[in-house]
Amino acid sequence: MAVILTIVMVAGIAAVNVNKDKLFEISKNLEIFVSVYKELNTNFADELDPGTLMRTAIDAMTKSLDPYTNYFSESQGESYWINDDEKYQGIGARLDNINGNTTIVEPMENGPSHKAGLKAGDIITTIGGTDVKGKSLEEINLMLRGIPGSDILIGIKRFDNQQAEVKKITRGEVSVSNVPYSGFVGGDVGYISLTTFTQMAGSNIQKALKDLKDDNPNIAGVILDLRHNGGGLLHEAVNICNIFIPKDEIVVTTKSKIKEKDQTFKTTSNPVDLEIPVAILIDGRSASASEIVSGVIQDVDRGVLIGQRSFGKGLVQNTKDLPYNARLKLTTSKYYIPSGRCIQGVEYENGVPKDIPDNQRTKFKTKNGRIVLDGGGVSPDIKTEIKELLPITQALLDQYIIFEYVNQYVKGKDSIAPVDKFVFTQFDDFVKFVRNKKFTYTSEGEKALLEAKNAFDKTKDAQIVDDIKKLESKINQTKSNELINAKDQITYEIEKEIITRYYWQKGKIQYTLRDDININEAVSVIKDTKRYKKILSR
């Protein structure tokens, strides 16, 4: 007993000493910081702004930790509160800056802007009588937000009309559906798209699954699409897992520096379906709650994951109030899923989790004994290749050339064919439009050529100079045909944009399912019972 007491006392003294050392380091460095600031403020050659200097120091401090720990000043705090409060909503439209103009890119179906007659391509000129020229999108979104039911006057200029008109819009609580589409693919395989983990996500997934089973009692399985889903509410992730796994199962544990604050979240209800085959689609932009759902389903061997490795965000953030109405959003703990692994990427590069080779990631085991890895997202059971956009297609999208062409295309057209029958047949017209816009971009060949020219800039070797000229001529010749060579891919993007104008988000998702390798792979594995079970077995 005396030995045990001695060990406890020694451990306690060691802990006190460590704590004292840490407190001394904090005190010492705070004193150094204050001294540096005083010297700069007193003796630096130019006049200093205390707010700017301190903000630089704070930003550097938070940036050194992770991309999710951020400081909000008093003015930024007001914007944060408004964006974080469900009472404050806006006009229901996605905006972007196109050629220096604040442009409505996508009004939301049945949102305030849609009801007021605003369309994609409309340019916002004034808000409440104030000219918005030169204002940032953040400032404009803040001006548009307000209490639901309040009116706002917005100056609008149509893309084909220089005359501006003022429209009165009644703000509303814009409800963006987190399950914009569900239906069948491959004949009898259910498909559900989840775009974000907002309120009712679990209930909406459950309802979609019930509707699918009612429509086809012989449903072969279900695909849950979490691609490009950046996450959201933790309890909704738990609710979605609970649809497919039993009550009282551990879904996720949060662990922090302070042990007393660790939490374990379990399923709380009876499951909806423990037997239906499940395939979950993920990609590099599936993050946070998406990774919890996909990781849990993988850890308990309840379904097959298809796609690419997920983003790797396994951190929990909380917001703390600071003096003078400032706020600090900081990482307080990490998520751990049933196998014991953390999905958090352990290294960052330019604010993005760094891809860690599999041989450097720690191994864990699923319920059936399958090997899974931690440190950098969730890896799919079936990996598929990303369908990359050609450089010319990406440039047409980035410069909003396709968007502007569709503005012109839909003018005067009240309707188009159904999603599954619509076909764009006017590619030659699009090519003329592109040429009239004097569209330019730098191809990969041109970038390589420029590097070569710079490398041999001072050479006097006639042969090298001649070879570079020939290469330049060949690249220019190839580039002139790139628009035609990319016809299929560009046509796909044009059709998608046109369909979105008439059939909204639901139609866009339906269209993208037409030729999707991930969907095809999911349908294939669900219908192949032997293969499905083999993937999930040890």
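The values are calculated or read from the model by the stated rules, or taken from the named source; none is laboratory data. The shown structure was predicted, so the numbers you read here are calculated from the model rather than taken from an experiment. Every residue, glycine among them, receives a Cβ derived from its backbone with ideal geometry; neighbour counts consider all protein chains shown.
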Quick one: count up the residues across region 34-53 that are assigned to a loop (DSSP other than H, G, I, E, B) and more than 19 Å from Ser73 (Cβ to Cβ).
-> 4
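Just checking, does region 247-265 include any residue being touching a helix residue (DSSP H, G or I) at 6+ places or on another chain (Cβ under 7 Å) and either surrounded by fewer than 21 Cβ atoms within 10 Å (Cβ to Cβ) or part of a loop (DSSP other than H, G, I, E, B) (or both)?
Start the filter on region 247-265 by keeping residues that are touching a helix residue (DSSP H, G or I) at 6+ places or on another chain (Cβ under 7 Å), which leaves 251-252, 265.
Now narrow it down to the ones that are either surrounded by fewer than 21 Cβ atoms within 10 Å (Cβ to Cβ) or part of a loop (DSSP other than H, G, I, E, B) (or both): 265.
Yes; the residues of region 247-265 include at least one that is touching a helix residue (DSSP H, G or I) at 6+ places or on another chain (Cβ under 7 Å) and either surrounded by fewer than 21 Cβ atoms within 10 Å (Cβ to Cβ) or part of a loop (DSSP other than H, G, I, E, B) (or both).
Does region 397-412 contain at least one residue that is at pLDDT 90 or above, assigned by TED's automatic domain parsing to the domain that holds Lys261 and not in a helix (DSSP H, G or I)?
So the first thing to find is which residues in region 397-412 are at pLDDT 90 or above, and the list is 397-412.
Checking the rest, the ones that are also assigned by TED's automatic domain parsing to the domain that holds Lys261 come to none.
No: zero hits.
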Would you mind stating whether Glu165 is touching a residue at least 40 places away in the same chain (Cβ under 8 Å) and of a type outside the set (Lys, Arg)?
-> no
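Going residue by residue through region 423-441, is there one that turns out to be part of a loop (DSSP other than H, G, I, E, B), in contact with a Leu (Cβ under 6 Å, 6 or more places away or on another chain) and either more than 26 Å from Asp96 (Cβ to Cβ) or among the hydrophobic types (A, V, I, L, M, F, W, C) (or both)?
Initial filter on region 423-441 (part of a loop (DSSP other than H, G, I, E, B)): 423-426, 437-441.
Adding the requirement that they be in contact with a Leu (Cβ under 6 Å, 6 or more places away or on another chain) leaves none.
No.
With Glu482, Glu493, Glu472 as the choices, which residue is surrounded by 13 or more Cβ atoms within 10 Å (Cβ to Cβ) and over 31 Å from the mean Cα position of the chain (by Cα)?
Glu472
If you go through region 399-431, how many residues are more than 27 Å from the chain's Cα centre (by Cα) and either surrounded by 13 or more Cβ atoms within 10 Å (Cβ to Cβ) or at negative phi (or both)? Please lay out each step first, then the result.
First, pick out the residues of region 399-431 that are more than 27 Å from the chain's Cα centre (by Cα): 408-418, 420-431.
Remaining after also requiring either surrounded by 13 or more Cβ atoms within 10 Å (Cβ to Cβ) or at negative phi (or both): 408-411, 413-418, 420-431.
Residues meeting the conditions: 22.
Just to check your reading of the model, which residue among Glu275, Glu260, Glu249, Glu291 is of a type in the set (D, E, K, R) and at pLDDT below 95? Spell out how you get there, then give the answer.
Numbers: Glu275 fails: at pLDDT below 95; Glu249 fails: at pLDDT below 95; Glu291 fails: at pLDDT below 95.
Residue meeting the stated conditions: Glu260.
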Restricting to region 108-122, what's the tally of residues that are within 10 Å of Gly92 (Cα to Cα) and in contact (Cβ under 8 Å) with a residue 60 or more places away in the chain?
-> 4
Please work out which one of (1) at positive phi; (2) assigned to a strand (DSSP E or B) is the condition Leu153 fails and give its number.
-> (1)
Given (1) in contact with a Ser or Thr (Cβ under 9 Å, 6 or more places away or on another chain); (2) among the aliphatic types (A, V, I, L, M); (3) at pLDDT 90 or above, index of the condition Ala45 fails = (1)
Please verify whether region 173-188 includes one or more residues that are farther than 30 Å from Val525 by Cβ, surrounded by 14 or more Cβ atoms within 10 Å (Cβ to Cβ) and more than 21 Å from the chain's Cα centre (by Cα).
-> yes
Unique match (being of a type in the set (A, V, I, L, M) and assigned to a strand (DSSP E or B)) among Val272, Val222, Val238 = Val222
Scan region 201-223 and give yes if some residue there is within 17 Å of Ala279 (Cβ to Cβ), polar (S, T, N, Q), surrounded by 19 or more Cβ atoms within 10 Å (Cβ to Cβ) and in contact with a Leu (Cβ under 9 Å, 6 or more places away or on another chain), otherwise no.
-> no
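How many residues does region 443-462 hold that are free of Cβ contacts under 8 Å to residues at least 24 places away in the same chain and either in contact with an Asp or Glu (Cβ under 7 Å, 6 or more places away or on another chain) or under 29 Å from Asn99 (Cβ atoms) (or both)? Please lay out each step first, then the result.
Here is the first cut: in region 443-462, the ones free of Cβ contacts under 8 Å to residues at least 24 places away in the same chain are 447-448, 450-462.
Those left that are additionally either in contact with an Asp or Glu (Cβ under 7 Å, 6 or more places away or on another chain) or under 29 Å from Asn99 (Cβ atoms) (or both): 447, 450.
Counting residues in region 443-462 that are free of Cβ contacts under 8 Å to residues at least 24 places away in the same chain and either in contact with an Asp or Glu (Cβ under 7 Å, 6 or more places away or on another chain) or under 29 Å from Asn99 (Cβ atoms) (or both) gives 2.
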When Ala279 is evaluated against the numbered criteria (1) in contact with a Ser or Thr (Cβ under 9 Å, 6 or more places away or on another chain); (2) surrounded by 24 or more Cβ atoms within 10 Å (Cβ to Cβ), which criterion, by number, is the only one it fails?
-> (1)
Enumeration of residues in region 112-126 that are buried (at least 21 other Cβ atoms within 10 Å of the Cβ) and out of contact with any Pro (no Cβ under 6 Å at 6 or more places or on another chain) | Pro112, Gly121, Asp122, Ile124
Return a yes/no flag: does region 463-482 have any residue that is modelled with pLDDT under 95, of a type in the set (A, V, I, L, M, F, W, C) and closer than 30 Å to Lys119 by Cα.
-> no
The one condition in (1) over 30 Å from Asn518 (Cβ atoms); (2) in contact (Cβ under 8 Å) with a residue 24 or more places away in the chain that Phe424 fails to fulfil | (1)
Identify all residues within region 77-105 that are over 23 Å from Lys168 (Cα atoms), buried (at least 17 other Cβ atoms within 10 Å of the Cβ) and modelled with pLDDT of 90 or more; write none if there are none.
-> Ile98
Tell me, which residue of region 348-396 that is at pLDDT below 85 and within 20 Å of Val251 (Cα to Cα) is surrounded by the fewest Cβ atoms within 10 Å (Cβ to Cβ)?
-> Gly375
Answer yes if at least one residue in region 359-366 is free of Cβ contacts under 8 Å to residues at least 60 places away in the same chain, in the same structural domain as Phe439 (by TED's automatic domain parsing) and more than 20 Å from Glu291 (Cα to Cα), and no otherwise.
-> no
